[in-house]
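Reading through the structure tokens given below for one structure.
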Amino acid sequence: MPISETWLLPDGVADVLPEQAQVIETLRRDALDFLASRGYQLVYTPFIEYIESLSSLSESNQDLDLATFKVIDQLSGRLLGVRADMTPQVARIDAHVHQVQGVARYCYAGTVLHTKPQGFNTTRAPLQLGAELFGSDSIDADVEMVDLMLNLIKTVGLVDGIHLDLGHVGLFRSLVKHAGLSRAVEKQLSDIYQRKALPELAEFTQTLKFGSDFYALGRYSSDLNALQTHLSAAILADDAFKLAFDALQTTQTEIQARWPNLHIGIDVVELRSYHYHTGLMYAVYAPNRAAPLAQGGRYDGIGEHFGRARPATGFSCDLYALSAGQFKQTTIVVAPKGTSHDLLDAIAQVRLQGLGLIQLLGNDDFNSIPHATHQLVNVAGEWKVEQI
């Protein structure tokens with residue numbers, strides 16, 4: 001059977017046609033220009049490299065390891081990985097290749113590949129764009145990154161009705177340590193929190209040390225004032241818990257001051273990538289979209305795998321998801337055949353204006369360019385662009 005009758009793309013992979021590709025490319029350029037204006041330096045990373053380099057996050061993020069395609073290098077016989085996330089690669093650059101003393105800021109944009117879709121109705125080959133800040137453990141760095149993420153969303157024109165979610169893994173992590181829970185119990189609790197199963201949480205925490213605090217963490221996860229009221233004095237006095245709680249409050253206050261009309265939600269038991277993140281987590285949502293437009297958080301110590309542990313925070317987004325539902329009709333001007341100086345000058349002038357222009361070839365006529373929107377015509381000796 002000929003391939004023309006059996007041809008299919010793999011599940012989760014799709015072509016991007018001109019009307020949407022133009023939107024995506026415009027978003028990419030505008031986003032990178034914006035990040036550059038904030039001092040974030042652009043880096044390009046290889047699409048494939050030795051799995052040891054890509055595994056700097058795998059020990060703490062098994063989801064990333066499972067999402068990574070692995071192949072054997074025909075030259076060395078070693079295992080290669082196709083990047084499923086660009087953050088480990090940027091961390092390698094910061095720690096091993098471009099060792100900036102002090103704070104370093106990077107941005108990037110490129111296709112990544114996942115073994116399976118990472119969410120409902122998502123692609124396996126996202127066009128990932130993001131920013132990373134290395135070398136500062138200050139809450140100011142987290143505030144900068146959240147503000148940067150929100151301004152990026154605004155730059156691409158999606159600011160109306162957006163919602164910011166803030167969380168901090170340090171609250172749950174410090175409570176687990178304070179209570180001395182086993183890894184198995186910790187995992188069960190994390191799963192219950194993720195499912196928002198309050199009746200199950202109430203029953204599960206009855207026999208736990210500091211069980212009332214674990215229940216309060218889930219019951220009042222979106223209200224810091226109520227949570228503080230219902231926590232025990234011992235937990236509130238715990239240094240690690242207090243540091244995380246204060247960081248979350250400070251971030252909420254400072255972002256609200258910068259974005260007074262923004263709706264900010266708190267969820268202290270939003271534990272996505274719990275073993276990967278080390279502090280504040282943030283995500284921005286738009287109405288009628290289940291998946292976040294962009295998300296990120298703090299992941300201190302990421303460069304340890306490369307011999308240079310550094311505090312770090314960053315976010316990323318999928319440009320395909322940001323551009324969903326947007327299409328742009330490109331202006332295409334068709335010029336007649338000919339080599340006269342006045343025609344060639346007119347063609348050059350149209351192109352200088354930034355318009356796309358196609359000059360007819362051979363026996364072509366205007367009907368041979370079905371996507372054309374305008375034509376270059378000679379009116380009383382003067383070349384003019386007219387709509388078709």
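The values are calculated or read from the model by the stated rules, or taken from the named source; none is laboratory data. In this text the structure is predicted, and so the values were computed from the model without any measurement. Don't worry about glycine lacking a Cβ; one is built from the backbone with ideal geometry, like all the others, and counts go over all protein chains shown.
Does Ala95 satisfy being within 14 Å of Pro311 (Cα to Cα) and among the small types (Gly, Ala, Ser)? Yes; evaluated as a whole, the condition is true for this residue.
Residue-by-condition table, conditions (1) assigned by TED's automatic domain parsing to the domain that holds Val16; (2) surrounded by 13 or more Cβ atoms within 10 Å (Cβ to Cβ); (3) touching a residue at least 24 places away in the same chain (Cβ under 8 Å):
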residue	(1), (2), (3)
Gly301	yes, yes, no
Phe306	yes, yes, yes
Pro311	yes, yes, yes
Asp318	yes, yes, yes
Leu357	no, yes, yes
Asp365	no, no, no
Ser368	no, yes, no
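For region 152-161, the condition holds for no residue, the condition being that it is polar (S, T, N, Q) and surrounded by 20 or more Cβ atoms within 10 Å (Cβ to Cβ). Considering only region 108-150, how many residues are surrounded by fewer than 18 Cβ atoms within 10 Å (Cβ to Cβ), touching a helix residue (DSSP H, G or I) at 6+ places or on another chain (Cβ under 8 Å) and among the β-branched types (Val, Ile, Thr)? Selection size over region 108-150: 2.
Remark: pairs (first residue in region 229-248, over 15 Å from His168 (Cα atoms); second residue surrounded by fewer than 22 Cβ atoms within 10 Å (Cβ to Cβ) and of a type in the set (Phe, Trp, Tyr); Cβ separation under 7 Å; 6+ apart in sequence or on different chains) = His230/Tyr220; Ser232/Phe210; Ile235/Phe210. In region 179-215, the residue that is surrounded by the fewest Cβ atoms within 10 Å (Cβ to Cβ) out of those that are touching a residue at least 12 places away in the same chain (Cβ under 8 Å) and charged (D, E, K, R) is Lys209. Give me a count of the residues in region 70-107 that are more than 19 Å from Ile48 (Cβ to Cβ) and crowded, with 18+ Cβ neighbours inside 10 Å. Residues flagged as more than 19 Å from Ile48 (Cβ to Cβ) and crowded, with 18+ Cβ neighbours inside 10 Å within region 70-107 amount to 6. Restricting attention to region 295-320, the residues that are basic (Lys, Arg) and part of a strand (DSSP E or B) add up to 1. When Ala291 is tested against the conditions (1) closer than 24 Å to Ala141 by Cβ; (2) in contact with a helix residue (DSSP H, G or I) (Cβ under 8 Å, 6 or more places away or on another chain); (3) modelled with pLDDT under 95, the lone failure is (1). Looking across region 320-346 at every residue that is surrounded by 22 or more Cβ atoms within 10 Å (Cβ to Cβ) and within 30 Å of Ala141 (Cα to Cα), the one that is farthest from the chain's Cα centre (by Cα) is identified as Ser323.
Return a yes/no flag: does region 133-146 have any residue that is in a helix (DSSP H, G or I), assigned by TED's automatic domain parsing to the domain that holds His263 and within 14 Å of the chain's Cα centre (by Cα). Looking through region 133-146, at least one residue is in a helix (DSSP H, G or I), assigned by TED's automatic domain parsing to the domain that holds His263 and within 14 Å of the chain's Cα centre (by Cα). Taken over region 274-296, the criterion of being without any contact (Cβ under 8 Å) to a residue 40 or more places away in the chain and over 11 Å from the mean Cα position of the chain (by Cα) is satisfied by Asn288, Arg289. Restricting to region 279-299, and then to whatever is crowded, with 21+ Cβ neighbours inside 10 Å and small (Gly, Ala, Ser), can you tell me which residue is farthest from Ile264 (Cα to Cα)? Of everything passing the filter in region 279-299, Gly279 is farthest from Ile264 (Cα to Cα).
Anything in region 247-280 that is closer than 26 Å to Arg183 by Cα and among the acidic types (Asp, Glu)? List them, or say none. Hits for region 247-280 are Asp267, Glu270. One residue alone among His114, His98, His163 is farther than 22 Å from Gln326 by Cβ, assigned by TED's automatic domain parsing to the domain that holds Leu35 and in contact (Cβ under 8 Å) with a residue 60 or more places away in the chain, and that residue is His114.
The lone criterion from (1) closer than 25 Å to Cys107 by Cα; (2) out of contact with any Lys or Arg (no Cβ under 7 Å at 6 or more places or on another chain); (3) not hydroxyl-bearing (Ser, Thr, Tyr) left unmet by Phe306 is number (2). Number of residues in region 263-287 that are modelled with pLDDT of 80 or more and assigned to a loop (DSSP other than H, G, I, E, B): the value is 10. Taking Gly218, is it surrounded by 15 or more Cβ atoms within 10 Å (Cβ to Cβ) and either touching a residue at least 12 places away in the same chain (Cβ under 8 Å) or under 35 Å from the mean Cα position of the chain (by Cα) (or both)? Here the answer is yes, as Gly218 does meet what is asked.
Return yes or no: is Asp15 in a helix (DSSP H, G or I) and surrounded by fewer than 18 Cβ atoms within 10 Å (Cβ to Cβ)? Walk me through how you get there before you give the answer.
Values: in a helix (DSSP H, G or I): no; surrounded by fewer than 18 Cβ atoms within 10 Å (Cβ to Cβ): yes.
For Asp15, the condition - in a helix (DSSP H, G or I) and surrounded by fewer than 18 Cβ atoms within 10 Å (Cβ to Cβ) - is not met.
Considering region 162-178, the residues that are touching a strand residue (DSSP E or B) at 6+ places or on another chain (Cβ under 7 Å) and of a type outside the set (Val, Ile, Thr) include one that is surrounded by the fewest Cβ atoms within 10 Å (Cβ to Cβ), namely His163.
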